[in-house]
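Report on the following structure.
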Amino acid sequence: MEIRTLKYFLAIAEAESFSAAGQNVLFVTQPTLSRQMQELEEELGVKLFYRAGQKTLLTQEGIRFKQRAKEIMTLVKRTEQEFSSSKDEEIAGDIYIGCAETEGMRKVIRIIKNLQSQFPKIRIHLYSGNASNVSEKLDQGILDFGVLLTSANFFKYNFLNLSERDVWGVLVRKDHPLAQKESITPDDLLDVPLIVSQQSMQFKDFSGWLGRDLDSLHVVASYNLIFNAALMVDEGLGVAITLDKLVHTSENSRLCFRPFSPKQETELQLVWKKQQAMSKVCEIFLDAFRKWS
């Protein structure tokens, strides 16, 4: 399997047409593309495409393969960038960081700002996701670093602690009865429609604080990232379990945050794969992080 073949496959998948991909993107004849894709399907032992009228669409196996092909091409691009920048005496290159939604990212961003003031040709690429998303991309080599809650599984990573802590609580509308309270106890959440995040379900101390299993509560929805969850709260669908300082709750907002009582906090960590060969710019970033920690 060649890199060129993966490029051909992705171009066809995007254009939904052999001829359009060949004429407008790859500048390769349709018979050449057809032969390459036939050989690829034979190599994989699956059908990747099917005809639907004038379009060429992906089979289920094709959809799965597209994801893998994109990951491989991302790694190829990153490798080319890394070794190209290593030839220059000037410090330059790309750093890929995956992060949970957390106010603690502010410290990381300040380190990045300071770093780029010294090395303007260092570029940072942020990927926002939950712990499982970020961990998967770390394992695949797509990300260099992750910023995750301490409750994540860290046995396969090196890590450094951030001094910041995130506070757990609920996001509610200001006209909701819970908004009248200064803090929220476990009993306050009984029979309340709840919108829960994967982070809250993975937070190891949450069930202990709650005193019961999360399944015993009235969970009406779940979410990955907070923006759409905040919309659900704003529309009165329920109350969202989340971290503080992720949603605008000023006087102009209809929403407010109330912390749990007893107070529930979680630490944050910068993580990276063990025994990973780092690029020069990643080493510089990690060194800067250690100095700021």
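Some notes on this structure:
- The chain: angle of helix 60-86 to the longest principal axis, Cα-based, in degrees nearest 10: 90
- Cβ-Cβ FRET estimate between TRP209 and LEU178, R0 fixed at 22 Å, reported to 0.05: 0.85
- Ranked by how many other Cβ atoms sit within 10 Å of their own Cβ, fewest first, the residues ILE12, ILE142 fall in the order ILE142, ILE12.
- Sorted by Cβ density within 10 Å, fewest first, the residues MET1, MET37: MET1, MET37
- Label-to-label distance, nm, for residues given as VAL220 and GLU251 (7 Å Cα→Cβ offset): 3.0
- By the count of neighbouring beta-carbon atoms within 10 Å, fewest first, LYS181, LYS113 end up ordered LYS113, LYS181.
- Alpha carbon convex hull of the chain, volume per residue in cubic angstrom: 198
- Local electrostatic count, GLN275, Cβ distance below 15 Å [Lys/Arg +1, Asp/Glu -1]: 0
- Using a Förster distance of 22 Å, the FRET efficiency for ASP287-TYR127 (Cβ separation, nearest 0.05): 0.50
- Contour excess over end-to-end distance, with Cα ends at GLU90 and LYS280 and 0.36 nm allotted per residue: 67.3 nm
- Under 5 Å between amide hydrogens, built in the peptide plane, is the criterion, and for VAL192 it picks out HIS218 among residues at least 5 positions away or on other chains.
- With 0.36 nm allotted per residue and the present C-alpha distance subtracted, the LYS55-GLU42 stretch has 2.5 nm of extension available.
Taken together, the values in this text are just the output of simple stated rules run on the coordinates, not laboratory data. All of these numbers come straight from a predicted model, not from anything done at the bench. Every residue, glycine among them, receives a Cβ derived from its backbone with ideal geometry; neighbour counts consider all protein chains shown.
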